[in-house]
């Protein structure tokens, strides 16, 4: 498995479309110190936060690209989280 660099709207969109649905089924967090398994039953808070963060990063990357091209950022959509209003 490769680890994509999350620095473009495309890579972030891929994470949003592929990784979040998979995360809702449970996942493993790996660090240098070890790993922690998150069950499907406990995944929703993580999925909600990743959804929010990814959409924020996509908007920021798109706005930066527009600014670098000398274009107005008024046409860049603001994303809202799919999971924002769920308990």
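Report yes if some residue within the range 40-56 is on the phi > 0 side of the Ramachandran plot and either in contact (Cβ under 8 Å) with a residue 12 or more places away in the chain or in contact with a strand residue (DSSP E or B) (Cβ under 7 Å, 6 or more places away or on another chain) (or both); otherwise report no.
No; the residues of the range 40-56 include none that is on the phi > 0 side of the Ramachandran plot and either in contact (Cβ under 8 Å) with a residue 12 or more places away in the chain or in contact with a strand residue (DSSP E or B) (Cβ under 7 Å, 6 or more places away or on another chain) (or both).
Are any residues in the range 31-70 modelled with pLDDT of 85 or more, more than 17 Å from residue 15 (Cα to Cα) and not in a helix (DSSP H, G or I), and if so, which ones?
Of everything in the range 31-70, those that are modelled with pLDDT of 85 or more, more than 17 Å from residue 15 (Cα to Cα) and not in a helix (DSSP H, G or I) turn out to be 31, 32, 33, 34, 35, 36, 37, 38, 39.
The values are calculated or read from the model by the stated rules, or taken from the named source; none is laboratory data. A quick note: this is a predicted structure, and the numbers were derived from the prediction, not measured. Cβ coordinates were reconstructed from backbone atoms using ideal geometry, including for glycine residues, and neighbour counts include every protein chain displayed.
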